[in-house]
Structure formats: structure tokens, C-alpha cells
1. Using a 1.4 angstrom probe, figure out how much accessible area the stretch B:370-464 has per residue, in square angstrom, rounded to the nearest whole.
2. To two decimal places, what compactness ratio does the stretch A:156-200 give when its Cα radius of gyration is scaled by 2.2 N^0.38 Å?
3. Which angle from 0 to 90°, rounded to the nearest 10, does the C-alpha axis of helix B:173-183 make with the longest principal axis of chain B?
4. Report the full-extension gain for the segment B:Lys787 to B:Glu10: residue separation times 0.36 nm, less the Cα-Cα distance, to one decimal in nm.
5. Size of the protein assembly as shown along its principal axes in angstrom, Cα-based, largest extent first?
6. What whole-number distance in Å separates the alpha-carbon centres of the stretch B:608-671 and the stretch A:7-59?
7. Just give the residues from the stretch A:325-348 buried by at least 40 square angstrom of accessible area in the all-chains context relative to the isolated chain, probe 1.4 Å, and say none if nothing qualifies.
8. Report relative contact order for chain B in percent, whole number only (criteria: Cα-Cα under 8 Å, sequence separation at least 6).
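The values are calculated or read from the model by the stated rules, or taken from the named source; none is laboratory data. Note that the structure is a prediction, hence the values are computed from the model and not measured. Here the Cβ is made from the backbone with ideal geometry for all residues, glycine too, and neighbour counts use every protein chain on show. What goes into the accessible areas is simple: the full protein's heavy atoms, side chains included, and nothing from ligands, DNA or RNA. Shrake-Rupley method; radii C 1.70, N 1.55, O 1.52, S 1.80 Å.
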Amino acid sequence: MTLFEHIQKIEKEALASLAKLKRPEQLASWEGRYLGRKGELTKLLKSLGSLSPEEKRTSGAKANATKLHLQQALEKARSQGQNSNTDWAKEAIDITAPGTFQSVGHFHPITLVEHQIEDIFTGMGFTVEDGPEVASEWYNFDSLNVAKDHSARDMQDTFWLKTEETNPKKKFLPRTHTSSVQVDYMEKNKPPFRIIIPGKIFRNEATDASHEHTFHMFECLMVDEGDRVNVGTFKYIAETFFSEFFEKKVGVRLRPSYFPFTEPSFEFDINCVLCDGRGCAVCKQSGWLEIGGAGMVNQKVFEAAGYKRGQYQGFAWGFGLTRLVMMKYKITDIRLFMSGDLRFIRQF
Amino acid sequence: MKFSYHWLKELSGTKKSATELANLLIQHAFEVESIEKIESSLTAVVIGQVKTLRKHPNADRLRIVQVELGKGKKQEIVCGAPNVAVGQKVAVALPGTLLPGGRRIEEASIRGAVSHGMICSAKELGLGEDHGSILVLPSNAPLGVSFSEHFELADQVLDIKILPNRSSDALSCHGMAREIAALEKRILSSKKNSKSIKLKKHKNLPKIDIADAKGCARYIGLLFQNVEVASSPLWLKWKLIVSGLKPINNIVDITNYLMLLTGQPMHAFDADALEGGIIIRKAKPNEKIQLLNGEMKALTDEDLVIADAKKAVALAGVMGGIQTAVTEKTTNIVLEIANFDSATIRRTRIRHNLLTDASYRFERGLDPNLAGVVAPAALELFSNIVGSVSGGGRDVYPKPTKEERAVLPLSLVAGVLGAKLSPTEVTRSLKLLGFEVKKNGQALSVVVPTRRRDIHDAWDLVEEVGRLHGFEKIDARAPLVPLLPLQRNSFKAFERAVKEYLVSAGFDEVLTYSFYGEKEIKNTLLPLDHHLELANPLSPDQKYLRMNQIPLMLQKARENLRYVDVFDIFEWGSAFGKNSETGGPQEVKSLCLMSVLSKKEKNPYFVIKGKTEAFLEALRIDKDRITFELPSKFPTVPVLAMLHPTRSAVLAVDGEMLGMMGEFHPNVLQAFGLEPRLALAGFVCEILAKLQEKEKTFLPLQKYPYATRDISLNFPKKISYQEIARIFAEAGQPLLRKFELFDVYEHGQEKSLAFHLAFGLENRTLSSREMDAVFERIVALMSQKLKGKLRQSRIDEK
């Protein structure tokens, strides 16, 4: 048997025995026997010195290649788990079964959208403000140019707190709009300012799938000196906001309206976001969705806040947060918002 | 208000279709809420003429009528109406015609005579109540032509929303026509509202005395004699029907028609029921009046009434009294065309809950000069339709309303709108709307017609100019404002951080109503008298403003248990109470956490406490300042009654309560039908936010190893962990770095607590002698102050 054949034989033997091994200590002794310092291959390589240059070249190359081959086979055997005592099949689990329950909470959809709106406005330099939900008659009505005996009071169905008091500053009501925060804020802060006021409001009307006595709205107020803030500014802020919110270009249409606390006053519509203004069932084929009311702050409101008539100019804008949430998630029953039903909340 | 398209077209001269008109109005003036098509069902009814009459052979009260239907076509119809006469033009329903109300006319044999259709009464045509006699048409009605086509009965009704500011000039067909013309850049020639009119005097005309000048600016009384109360002509009836009113009789119909046309409400009195002159005054104490609707009203001295010498005869501007009402027997009428104070009428309307077409208009405010235009129109209509004799009239108008003047700087137009409009356009717009305009340098001097009670100053005029121009034409433009750092409202930021943490910690956010009823208050053992109460709740169970969210959250927990077994919910929201000093409302933001735990849970208290502690840590609340006290220490706080007396705690800072937590009183759970596996934590958010640590200072990391030692102590059962912890903190100074409870074991009247202790110094390793000294001090103080006995200790060097 030539040396070459001898090497071949060792290789064949080694691979055959490796395949039968299971435990790590068996692999270690196999390694010692074939690849170790006193192993069979090493011994053969050591004996190469006594051979002819021709034999040295062929057998030497073969011996080195075989050593490499056996080393690779050993690594493969180890990585394939032949080095473990474990019965892997017995250990097996159904990896497609659900994970251990880890409870995750959910924001109310109103909060979710409120945060989204806040982020868009704070990005434009607006501060998020807050105000009391029970407001004085003065802040909710009189200071906003809605006098006690004016029929504009009938535009909002109002709850009143039981009281003998007649002074509008001491007579209170669950606010009918977040505009009740306007004059209170203006008394404490001087323009320029940009604020948004999200919040809960109350209307004395019976509840059904599309009417609630309690819902959420948003107020946006931007006031500055001179004529820096005008109707064109409002249109810009409104278009920018809705385009960000719906993640597409949204146009705004202003129509004349009347609110005692703004002048000029507008109703404003946006391009129907479902049909992109082409006309569909949701927008009643008009291509427009009625979203809210707005206008330039009436100078009488500034006067109520102690500002000089004509010194400042700004816009006020209010819209139904609840309505926007209903549009966004296609919610058809407004009563779900106050239901506290986790089957509803956990969808968001 | 409902407007007939035909009527608006006739008055305004517009050539636009109803839809085009609606679009024009929406963009420049008013919201058109709907356009309703009135499809007349009378297209198949034709106009005929009675040619001959003969008696029915078998019935005394019936006659056989031959009618001509044009182009020589004739038909025989059986008719029972007593007023049928040869030569009359009549409405004929031929066989196959479907009448309003669903009645189909067929050829029929009536007592042996064949009738080829029916001659219709007003009621059968849906045009009134009269059904005893047939409707006689004007003699110029063309034969054979469709009834509804000739009388233009097919119409479209525009429901236009007139907001309170424009009621004085636009809540009428005249006003709307004027507006339409202006939007089409035309000015209608019409009579201006008038300060003075000429009226004949008559001896029978009652004297008019305005005793309350504030309540009544103007009172015109017109006398009509020899009046015959009858049914109105067809055109008048139809105008009322289309506008949503019911025809009643010629007198009432004329007043309603004029109100729709001009916006001026009026009232007719039976002149013979008036005793003496007319006085406009406040009601007297204990005065009463029975109104036209039959209701008896007790009046107050704030109600304005129309009275004669003896009694109140009408609640001014709201409703007339029954004693002086016009009846079928009335022959003389006093017609009132007056102007009443809007606030007075509004208060009376609210006080007596009487919303009428008149009160609706008066409480929005009307131009006193309008009465001056309406009076001549009323004289003409009464003469033409009622055929009555005018007995003249009186016009009492002590202080005629004058036109207001305003100055409009042209720069304000551009400044407010953010769009440059030419002076010519501004001037033209105002003129189209009926303002008198003079250019005065860079400003316009404007005279405001008295009907525009909403226009007083330059800003009011800018709005007018803007809407005529079209707000939709104004370009969006980014503002040129200084770039300023964002001001943050730290409390709103805190709110958001709280919600974000709780959601990540597995809490679902709920929102509940701010109102509840007596039942919820009782069930949660809350004090009723601490609640704010609504004067006008939707229902008794929504009568009180919540003191906190807990009652409704318990209700929601109960409802959710039908679908989910274990859950955590929270709500951040306003809670209300009475301010102890002012008695007025007090409002705070309240945060409530509620956990519904597994049935196996024995100590819900510790679960919610763990959640609370993690929450405080996450929000960087200074926990060291918060103590957990027994509720019994706060006997004056009524909300604590809902808690389990010995398994709950008050969270306090320097003795001030900032929240509460723990398990519920069993009675509360029972009232809501809940099992004892609920726990709650509630906080006053304003106090909590103040405890947020604003700044942190870095502490160097411990370089030298801690020496740890375990200690186990026996205490009497009543000693609290908090007391023990205080001794550790006090006696351990400054070497004790940490102490951690790891075991509690109760036996008889004693309990045993085991702690891991860690000692250390910052600059060197601690000697065992030093540690022993501290340890001895701890043991000594535990024994001295809390009767604690050392069970064992174990040294464990690390």
C-alpha cells in the first residue's frame, strides 16, 4: 500500500466513524485520534521527510487536503448538534402557536387623533392649551359677543348649572364650545400667539347615532399685530393642516356664515377626501365636506379681553374632533365614543 | 325659511335654475339646506267650463253637469255641489286621475247616471279645507289646459338657512329677491322702508297709546269695515302651501302672505271685541290672558301686551288673545303692523315657551321702518281680496329710526381679507347691497339702510365686501411672522406623557360622560350635596356633574366583563365639586386607573400599588415625598367612603391628599354587581404634575463594594412597613445604602419581616466594625420604638 493509498484509507475510516458519533466527548476523542498532535495524519505527515521529492509532493498535498477535509467534517458535525446530549425531537414545540399574553393598552381614538393634530400644529409653532369644561356665562357667551337676550344664544343648545346667580361672571355652564377659553387666555397672554385648544364640550340635545350631548372639538386661534394674520393666512393654515392630516393635497372652500365672535365668519368645507372632490355618497355628490366654522376674531371679543379695538387681528377656527375621528376611521355611531366598550377601544 | 322658487324668480327676475341659484347663494350669502321638488299630482286635472245643468233623475241633490274641455270636447259629470252654475270655470278630474291623498277617479254610475269624472272641491285638490262646494276658477283660465301647469303648481322649495344677523333684512321673499339681484349685480327697484306714511283718519278707529316706548318702537293700526271672512283665492293659498303654511281664511292668509313677502308679522283683531283704545304696555300683576291656542297664561311685569281699556288682548309679538280673535262672524277688523323690542319678545317667548312665526322674527330684530312699507300693501290686498272698506289708520312712531353711517378705510379691506380689491369693486359691491357710498380720499363714507340692523362699523362692511367678492377667491398665503421658539404648556405635556405611559403599561383608555344621576352617587357612597347640579338635564340620570370618573368606570367595568375577563382601564378628565368658599364650581383634572384582576388574585391592593409605584417611577414623580396613609386619617374626605376601610390608602404629600388607591368597599361592589377583584387608583393631576422632578443631578457610581447582610425581625402585628422603613432610614445613616423587604410571615399577634440590607462608603471599603455599629443601632431602635425583636441575621460579603 502506497502512502497515498494509506492516506485515502485513513480518510475513509475517519469519516465513517465520525458519522456514528453523538456526544461531545466522542467528537473530542475522534479529533485527537485523527487530527491531534499524536493523531494518525500528523504521524504520516511527520514521516514525509524520508520520501522522494516526487512522493513528497503528491502524498504531502494529499495529506494536507485530507486534514482540511476532516477538520471541516468535524465542524459540521459539531454545528449540526452531534455535540449535544439533548433529544431535539423531544424538545420540539409548535412555533406557530401564539406567544405568552402580554397586555398592551390602547388609546381612545379621540386621543389618538388629538395627538396627531397636536403634532401637526406644534410643528407650525402652535401651543396646545387647555381650559375648564365648566365655564362662566361670561367666557362662554357674553365676552364672545353673544349677549344674553340675543337670539344667537339659540344657535347652541345649552345646559345650565342650577343657581340663583344672575351675574354672567358668576353663572356657570358646561361649555358649549372650546371658544370659552379664548378671552380667558387673551386676558393672561398678549399677542402674538398661536394656540390650539382641544377639549370636551356639551350640548343639550338628545342622543342618537349621529348626535351626542358630549363630544370633542378643537379650537385654533392665531393673533398678531396689524394685518399679519388675515383671511388668506387662515386659508393657508387650514389647507396645510388638512393636507398633512389626510396625507394628500386638500383644498379648502370658505362660505359666508355668521358667528357672533368672528367677522367675517365662514363655514368651511374641504375637498371630499374619499372621492378627492369628484362627488360620492359621503359628500352627497357635492365634492365637499362641511368641516367647521371659522372667521376673523371679532374686534368686540378683543375689547372684552381688554385689547384696543383695531390693534390686533387674528383668526379663530373650531371644528369637530369627534367628526374628524368618525371620518378617519369610518365610524358610523357617535355613541361608541363614550361607551367605554373595550371591543371598540381595542380596535385602535 | 322655505322659499318658493317661482316666487323668488318672479320677484328677483333671476334667470338661474333653482340649483344654480342655490350655488350662488351658498358661495356669497346663505346656506341652502335643501331643494325639494313639489311634483304636483294635479297635472292630470284639467280646466273645464260648465255648459249645461240638469236634474239627476233619481236624486234631488245631484245634478248632471255638461262640461266643455276645449277643442269641442265635452263630458257629462254628476255633481252634488250646491254652488255649481253655468259659465263657471272648474277643475275637472277625468277618469284615471289620481288625486292628492291617493283617491283615483274612475268612470262610475251614480244612482243610475254615468259620471265621466269629477268636478273638484278645494279639499279634493289638496288646496284647503273647503269640500262642500266646488272650486271656482278665475274666468280667464284656459279650457282644456292642465290645472297644475296653468297655475304653476309644480315648484321647487329652497330651504335657506338665515342666521340671526340677517333676519331683519333677508327673512322674507322680498329680502331674498333683493339679495339674489345684488349677487347678480343688479339693483331691484322697490319701495324703501319708510319712516312716515299718510293714513286717513276715521272716527271708529281706536286710539293708540304706546305706554312702553322701549318695548314698542312703532305701532300702526288699520281699520277695515264690512269684512267678509271667506276662503282665499287659489294663488294666495298655493303660495302659503308651498312656503309651508296652511291656508285658513282670507284675513289670516293675507297677514301670513305679507309676512312671507316682507318679513313683517302682523295681527288682526276683531274691532268690535275691543273695548276702548289700544294700549301697548307691560302686563299688570296677576294679569292673565287666554291665547289663540287656548292656553291660559299668567303674565309677569316683564311681558309686553297689547291691551284695550279693560284687558290684555294679545301677548305682543308672540300670539293674540282668544277674546278678540277674528271669527267667521267678524265684520270689522283692526290690523296691527308694529315693531317690538327683540330682547323683550325673546324673554317672553322663553318664559312662556311659545315659539311662533311672529316671535321668531321679532326676537331677531326688525326694522321699524318696514311697517311703513307693509301698511300700504295691506290696504291694497284687503281691498282687492276681502273687498272691505278701509276705515283709515293710525301710525304711532315717536322716535323714527335713522340710517347709521360708517367710514370704511380701503386699507382695512385688504388688511382683513389678505386680498387686494379695487376701490371700484368695493364701492360697487356696497351699492349693490343698497348702501349709499361716497369716496372720501382713501376711505368710503357709507350710509347703511335701516333694514341692515347687523351693520354698524367698518369691519361689518369688510364682511359684506368680502362675501360679494367671494371668500373662495381669496388665495391661501403663508403668514410673515417672526420665528419664535415653541411655548409649551407643561400640564398638557404631562397629560400626554401620562397617557402614553399607561397605554404602554397595558391600560386601555376610556372616556365617559361628565354627568350621572342619583343612583350612581348612592352606589358609590358619594355625598349628594357636594355635587354641582344641572338646571336643565336631559334626563334625571344625567342630572349631576361627576365628582370623579369612578361611578361610570365601575359601570363600564361591569359592562366589559361580559366580553373580557381581566383588564386595566383609565380615564383622564375633569372632575367637579363646589368651591367651599364661593359655592361656585371647582374643577380639577382627575386620573383614574381601574384594574379588573384575575379571580385567583387574593390581594388586589398590592397589584394596584405595584402598578401605581411603577407609574410614579415612569413619570419621574418624586416618590420619596409621597406617603401612604390609612383612609381613617382623613375623616373629612367624603370620596374615601367608597374604599375598603382596611385595604386602601390615601396618597399624601406633606399631609395634603393627592390621590387614593386600593380595593373597593364591598357595598359598592355589590351595588354594581361586581366581584371583589377590582382595584383602583385615583389622582388629582395638578398636584401630581407638580411632583414631577424637573432636574436630576448625577450621583457617582459606587466604586467600593457593598457589604450586604440579611435581617429578620419580629414585630407586633399592628406595626406598619412604613414605620419600620422610617427607622431604617433614620438609624442607617449614613452607611445603609439600601434595604429591601423580601419576606413577610404572620403568626398569632406577631409578624416577621425579613430584609436584605446593603452598607457601603463612597471613598473606601467599609470595615466590619463600622457595619456592626450601624447594625446594632438599627436593632436597638427597632426594639425601642417598635418593639421589634431580632430573629436572625446573616452576613454575606460581596
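1. On the way: 4140 Å² over 95 residues.
Per residue, the stretch B:370-464 has 44 Å² of solvent-accessible surface.
2. Computed over Cα atoms of the stretch A:156-200, the ratio equals 1.40.
3. 70 degrees
4. Value of the extension gain: 269.5 nm.
5. Each principal axis gives a Cα extent; for the protein assembly as shown these are 149, 89, 78 Å.
6. So the separation of the two Cα centres works out to 77 Å.
7. A:Met338, A:Gly340, A:Leu342, A:Arg343, A:Arg346
8. 8 percent
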